[in-house]
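Here is the structure we will look at.
The values are calculated or read from the model by the stated rules, or taken from the named source; none is laboratory data. Everything quoted here is computed from the prediction, not taken from an experiment. With ideal geometry, Cβ positions are generated from the backbone for all residues, glycine too; neighbour counts draw on all protein chains shown. What goes into the accessible areas is simple: the full protein's heavy atoms, side chains included, and nothing from ligands, DNA or RNA. Shrake-Rupley method; radii C 1.70, N 1.55, O 1.52, S 1.80 Å.
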Amino acid sequence: MTVERARALAEEVYEGKKDLLGHPALDHPRNVAARVSTRAQAVAWLHDTVEDDLISLERLVEEGLEGDELEALLLITRVPEDGTYMDYIRKIAAAPGVAGEIAMEAKSADLKENMTRETTSKMMDMRRPGGRYDRASKIINAAIAKESH
């Protein structure tokens, strides 16, 4: 799928939606996409869309999401079978191949965005040292560093 098509789909499904603070919900995927390489941008634009029931996986496939991008999106779409949040993060960190690399890059950017954007007090607790996002970032970043060696 082209980055342009992924962006257009994200714009379509987020149209009129707001985040918990009343900001345009599209700001989050836009900021995540800005933090990744070209090969991970389509996944970054779409990273929350299936998990948040904004678009079906079937529609994304019909629109051209395939191969490593589809596999990467499946990896970062959290489902109940993933267990705890940290089990889910470890699954991403252990994913092999190009799809795993794309998933780790997109998830790392998502975590960085979650750690730096204006947020609610609940999310502030998750990003403090030792919080959920902090621990997840360490796991993903260690896996990325291991891949690069």
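Points worth noting:
- Considering helices alone, the calculated mean residue ellipticity of the chain at 222 nm is -20000 deg cm²/dmol, with DSSP H runs of length four and up weighted by -39500 (n - 2.57) and normalised per residue.
- Mean projected area of the Cα convex hull of the range 1-59, taken over all directions, amounts to 3.9 nm².
- Heavy atoms of Glu58: accessible area, 1.4 Å probe, square angstrom to 10: 120
- Each Lys and Arg contributes +1 and each Asp and Glu -1, all at the Cβ; summed about the Cα centre of the range 13-149, the dipole is approximately 840 debye.
- For the chain, accessible area per residue (1.4 Å probe, heavy atoms of protein chains only), Å²: 52
- Glu63 paired with Ile144, simple spin-label distance in nm, labels 7 Å along Cα-to-beta-carbon: 2.5
- Applying D = kT/(6 pi eta Rh) to the range 91-149, where Rh is the Kirkwood radius over alpha-carbon pairs, T corresponds to 25 °C and eta to 0.890 mPa s, the Stokes-Einstein value obtained is 208 µm²/s.
- One quarter of the surface of the convex hull around the alpha-carbon atoms of the chain equals 8.5 nm², the direction-averaged projected area.
- Inter-centroid distance (Cα atoms) of the range 23-54 relative to the range 120-149, Å: 18
- Counting only lysines at least 8 places from Lys146 when in the same chain, those with an alpha carbon closer than 27 Å to its own are Lys91, Lys107, Lys112, Lys138.
- Ranked order, His23, His47 - accessible area, probe 1.4 Å, largest first: His23, His47
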